[in-house]
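This report concerns only the one structure given below.
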Amino acid sequence: MQEPSSSDGGGTLSMVDVLEENEELEEEAKAVLGDSDDRCCTYTTGYQDRQALYACNTCTSSSEGTLAGICLACSYACHDGHEMYELYTKSGLHIYPIEWPHEE
């Protein structure tokens, strides 16, 4: 956020400044995270134009070396506390979990 300016007399930010800063932050987040959703697993949504991708070393070593891409939501909900590697955003991926926990 912009530093308050002493030249404006009160050291305050205008609402326009706050809204512009918020828009910049949202654009940066979209560039970094793509179409990622931090609450909903992308497994059921199919291919994403661009999404954050992670690899879970904890699950890889326990599944005989099978590599797996993890979406943002699952990195929080299913792999919390695991040894994760951020692979940044990738295009045209469909996430396939090692073990889909929501199947009956």
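Residue-wise test of (1) part of a loop (DSSP other than H, G, I, E, B); (2) hydroxyl-bearing (Ser, Thr, Tyr); (3) at pLDDT 80 or above.
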{"position": "LEU25", "(1), (2), (3)": "no, no, yes"}
{"position": "VAL32", "(1), (2), (3)": "no, no, no"}
{"position": "THR58", "(1), (2), (3)": "no, yes, yes"}
{"position": "CYS74", "(1), (2), (3)": "no, no, yes"}
{"position": "GLY81", "(1), (2), (3)": "yes, no, yes"}
{"position": "PRO97", "(1), (2), (3)": "yes, no, no"}
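I'd like the full set of residues that are under 10 Å from THR89 (Cα atoms) and of a type in the set (Phe, Trp, Tyr), limited to the range 13-59.
TYR54
The values are calculated or read from the model by the stated rules, or taken from the named source; none is laboratory data. Just so we're clear, the structure is a prediction, and the values are computed from it rather than from any experiment.
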